[in-house]
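Data block below; observations after.
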Amino acid sequence: MAGPTALVIDDESQIRRAVSHALAEDFGRVVEAATGAEGLQLVTLDHPSLIVLDLGLPDMSGIVVCTEVRKSSDAMILVLSARHADQEKATLLDAGADDYVTKPFSTLELKARVRALLRRARSHGATGTTIRHGALAMDLEGRTLVRDGAPVHLTPTEWELVRVLMTNAGKTMTHRQLFAAVWPGRQYGDAQQYLRVHVANVRRKIESNPLDPRYIFTEPGVGYRFAAPQ
């Protein structure tokens, strides 16, 4: 069958079957691996455009697999992780993973995250300097942001924060990634506290209800995610 290939790396056969079935609608072919070594071999052989990677592999850690994949592939990587592994999730995202889903997960959530990554991948190469999302329009060249046609006044730091989040819409960004992008060259300090303050300020300016955001979502213990491209 024609279409992109997805790779599922998980040592539990039931999980592999469930994920493969969920991906079948959006991918022409889904291949499976039970170990990290087998998964890396299939990355070379099948050149998948999406990899669903479990952290708890029997032969090597998920961070090793992710790091090795990034040496030769720009495939989207969606991590499957346990709820308690916030630091490990953040480390994987810093190493090049694109997003994560916590176990136990629903296939609806999995499919939604995958489709968000697919939309982001399609829009990544779009031309033009304006990013539109809902009521927001960001002119990257003119360095302006409008909401419902009205200018939104952002500080330079707030502008950089929104720019990074909007240009990575649909992708979870870790505290470290955001800190490095917004405050380049600055020593890595309490990124969570810095970001918490600035995200709260930005939400007051762009959200209809900052307590129930539709644009910037908090990923507890990991970072923030701008709503997926439409």
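Can you compute the radius of gyration and Dmax for segment 5-48, using only the Cα atoms, both in Å?
For segment 5-48, the Cα-based Rg and Dmax read 9.7, 27 Å.
What is the count of Lys pairs in the chain whose alpha carbons sit under 15 Å apart, if the two are 8 or more places apart or on different chains? Mind dumping the intermediate values first?
On the way: 89/103; 89/171; 103/111; 111/171.
Total qualifying Lys-Lys pairs in the chain comes to 4.
Using 0.36 nm times the number of residues separating residue 139 and residue 60, minus their current alpha carbon distance, what extension gain do you get? Intermediate values should be presented prior to the final figure.
Working: separation 79, 0.36 × 79 = 28.44 nm, distance 4.37 nm.
Extra length from residue 139 to residue 60 when fully extended: 24.1 nm.
Report the FRET efficiency, 1/(1 + (r/R0)^6), for residue 205 and residue 87, where r is their Cβ-Cβ distance and R0 is 30 Å, rounded to 0.05. Show your work: numbers first, answer last.
Values: r = 31 Å, r/R0 = 1.03.
Between residue 205 and residue 87 the formula returns 0.45.
Would you look at the GNM of the chain, springs on alpha carbons closer than 10 Å, and say which of 45, 145, 53 moves the most?
The residue with the greatest mean-square fluctuation here is 45.
Using unit Cβ charges (K, R positive; D, E negative) and no other charged atoms, how large, in debye to the nearest 20, is the dipole of the chain about its Cα centre?
On the way: 27 positive and 27 negative charges, 166 e Å.
Value, rounded to 20: 800 debye.
Can you give me the distance in nm between label points at residue 103 and residue 47, each placed 7 Å from the Cα along the Cα-to-Cβ direction?
Label-label distance for residue 103 and residue 47, simple model: 3.2 nm.
Taking H placed 1.01 Å from N in the peptide plane, check which residues at least 5 places from residue 154 or on another chain put their amide H under 5 Å from its amide H.
none
Which one of 11, 26, 190 has the biggest mean-square fluctuation once the chain is modelled by GNM with Cα springs under 10 Å?
Of 11, 26, 190, the Gaussian network model singles out 190 as fluctuating most.
Would you mind working out the accessible area per residue for segment 49-197, using a 1.4 Å probe, and quoting it in Å²? Show your work: numbers first, answer last.
Working: 7230 Å² over 149 residues.
Accessible area per residue, segment 49-197: 49 Å².
Just going by the charge dipole of segment 89-166, with Lys and Arg at +1 and Asp and Glu at -1 on Cβ, which of 136, 117, 90 is farthest out on the positive end?
The listed residue farthest towards the positive side: 117.
Along its three principal axes, how long is segment 42-136 when you only count alpha carbons? Whole Å, largest extent first please.
The principal-axis extents, from largest down, are 45, 30, 23 Å.
In segment 136-230, carbon and sulfur make up what percent of the accessible area (probe 1.4 Å)?
49
Taking the chain, how much of its Cα-Cα pair set, in percent, is spaced more than 22 angstrom apart?
Values: 14021 of 26335 pairs.
Distances greater than 22 Å cover 53 percent of the Cα pairs.
Nearest-5 percent of antiparallel DSSP beta bridges in the chain? Walk me through the numbers before you get to the answer.
Details: 17 of 36 bridges.
Given both bridge residues lie in the chain, the antiparallel proportion sits at roughly 45 percent.
List, in order, the whole-Hz ³J(HN,Hα) value for each residue of segment 108-117 obtained from phi through the Karplus relation with A = 6.51, B = -1.76, C = 1.60 and θ = phi - 60°; use x for Gly and Pro.
Calculated HN-Hα couplings, in order: 5, 5, 4, 5, 5, 5, 5, 5, 5, 5 Hz.
Work out from phi, with θ = phi - 60° and the Karplus expression 6.51 cos²θ - 1.76 cosθ + 1.60, the ³J(HN,Hα) of each residue of segment 5-18, listed in order in whole Hz, and give x for Gly and Pro.
9, 10, 10, 10, 10, 7, 7, 9, 4, 5, 5, 4, 5, 5
In segment 139-230, which GluC sites (Glu not before Pro) are in a loop and have at most 12 other Cβ atoms within 10 Å, using DSSP for the loop call?
Working: sites: 141, 158, 160, 207; in loops: 141, 207.
Hits after loop and neighbour filter: 141.
Along the positive direction of the dipole of the chain (beta-carbon charges: Lys, Arg +1; Asp, Glu -1; about the Cα centre), which of 198, 15, 76 reaches farthest?
Ranked along the dipole, the leading option is 198.
Taking trypsin sites (Lys or Arg not before Pro) as candidate sites, keep only those in a DSSP loop with at most 16 other Cβ atoms within 10 Å, then name the longest stretch of the chain containing none of them.
The answer is 1-69.
Would you calculate, for the chain, the mean residue ellipticity at 222 nm contributed by helices, counting each DSSP H stretch of 4 or more residues as -39,500 (n - 2.57) and dividing by all residues, to the nearest 500? Walk me through the numbers before you get to the answer.
Working: 8 runs with 93 residues, N = 230.
For the chain, the value works out to -12500 deg cm²/dmol.
The values are calculated or read from the model by the stated rules, or taken from the named source; none is laboratory data. Just so we're clear, the structure is a prediction, and the values are computed from it rather than from any experiment. Reconstructed Cβ throughout: ideal geometry from the backbone, glycine too, with neighbour counts over all protein chains shown. Heavy atoms of the whole protein, side chains included, go into the accessibility calculation; ligands, DNA and RNA do not. Shrake-Rupley method; radii C 1.70, N 1.55, O 1.52, S 1.80 Å.
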